[in-house]
Amino acid sequence: MARPRKFDEGQALDAAMDAFWAAGYAATSTQDLCDATGLGRSSIYHTFKSKHDLFERALARYMEHKNAELFTLLESELPARQKIRALLQRVIDEECADGGDGRGCLVVNTCIEVSAHDPSVAASLEQDYGVRLAALRAVIESGQRDGDIAPGKDAGTLAHLVIASVGGLRVSARSGVGRAALEAVADATLSTF
């Protein structure tokens, strides 16, 4: 008879997510994951099969959390243009927070570090991108119908631009670009709408 688990799998995933987020996939060892989660190697491998499986599940958890935040913003009563500006501002505020942890975004970090040589992770990132793209496109199309966003612009292209701007803001901030420059990039992005 199998012994019952004596740990919260969600907490273990959150701890593993934080470890991967802080150091990246390659630099996070199995021992780092044991230390972060408080689990032994056998518990990690029994529950999550492998470091790669644990990473994919932690990344999925991160994407679910961040997308829930995004959807809450995009479903708010703000006009479409203000929703997009609020999204860009949220990114700037996260990246420029005093005492920030400097981890950036796990999705952006994973795109840079892992996706080029890991088809499974690349597929997860592509699916996540599609979810965000569809949500942003719907907001932009709604804004075009309401007259808040220029109707002659392609909503899909504008949605891609927002995602590219979010990633660019995050990478630029990690490169030392200050808040004023990031704010100017957000304003320039909105000026195309």
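Among the conditions (1) open to solvent by 40 Å² or more (accessible area, probe 1.4 Å); (2) among the charged types (D, E, K, R); (3) over 17 Å from Lys83 (Cα atoms), the only one that Asp118 does not satisfy is (1).
Any residue in region 44-62 that is in contact with a Leu (Cβ under 8 Å, 6 or more places away or on another chain), more than 18 Å from Arg132 (Cβ to Cβ) and open to solvent by 60 Å² or more (accessible area, probe 1.4 Å)? Within region 44-62, one or more residues are in contact with a Leu (Cβ under 8 Å, 6 or more places away or on another chain), more than 18 Å from Arg132 (Cβ to Cβ) and open to solvent by 60 Å² or more (accessible area, probe 1.4 Å). For region 144-174, a residue qualifies if it is open to solvent by 40 Å² or more (accessible area, probe 1.4 Å), within 12 Å of Arg81 (Cβ to Cβ) and in a helix (DSSP H, G or I), and exactly one does: Asp146. Mind listing just one residue for me: the one in region 77-103 that is open to solvent by less than 40 Å² (accessible area, probe 1.4 Å) and small (Gly, Ala, Ser) and, of those, farthest from the chain's Cα centre (by Cα)? Ranking the qualifying residues of region 77-103, first place goes to Ala80. Among the listed residues Glu141, Glu69, identify the single one that is of a type outside the set (S, T, N, Q), under 14 Å from the mean Cα position of the chain (by Cα) and open to solvent by 20 Å² or more (accessible area, probe 1.4 Å). Among Glu141, Glu69, only Glu69 is of a type outside the set (S, T, N, Q), under 14 Å from the mean Cα position of the chain (by Cα) and open to solvent by 20 Å² or more (accessible area, probe 1.4 Å).
For (1) under 26 Å from Ile112 (Cα atoms); (2) open to solvent by 70 Å² or more (accessible area, probe 1.4 Å); (3) at pLDDT 90 or above, each residue gets a yes or a no:
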{"residue": "Met1", "(1), (2), (3)": "no, yes, no"}
{"residue": "Asp8", "(1), (2), (3)": "no, yes, no"}
{"residue": "Thr30", "(1), (2), (3)": "yes, no, yes"}
{"residue": "Glu64", "(1), (2), (3)": "yes, yes, yes"}
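Take Ser165 and decide whether it is among the small types (Gly, Ala, Ser) and over 30 Å from Asp53 (Cβ atoms). Yes, satisfied. If a residue has to be open to solvent by less than 50 Å² (accessible area, probe 1.4 Å) and among the small types (Gly, Ala, Ser) to count, how many in region 32-43 make the cut? Adding up the residues that qualify gives 3.
For beta carbons closer than 7 Å, sequence separation of 6+ or different chains, a first residue in region 91-120 that is without any contact (Cβ under 8 Å) to a residue 40 or more places away in the chain and a second that is crowded, with 17+ Cβ neighbours inside 10 Å, the qualifying pairs are Ser115/Val121; Ser115/Leu125.
The values are calculated or read from the model by the stated rules, or taken from the named source; none is laboratory data. The shown structure was predicted, so the numbers you read here are calculated from the model rather than taken from an experiment. Reconstructed Cβ throughout: ideal geometry from the backbone, glycine too, with neighbour counts over all protein chains shown. Side chains included, ligands, DNA and RNA excluded: accessible areas come from the protein's heavy atoms. Shrake-Rupley method; radii C 1.70, N 1.55, O 1.52, S 1.80 Å.
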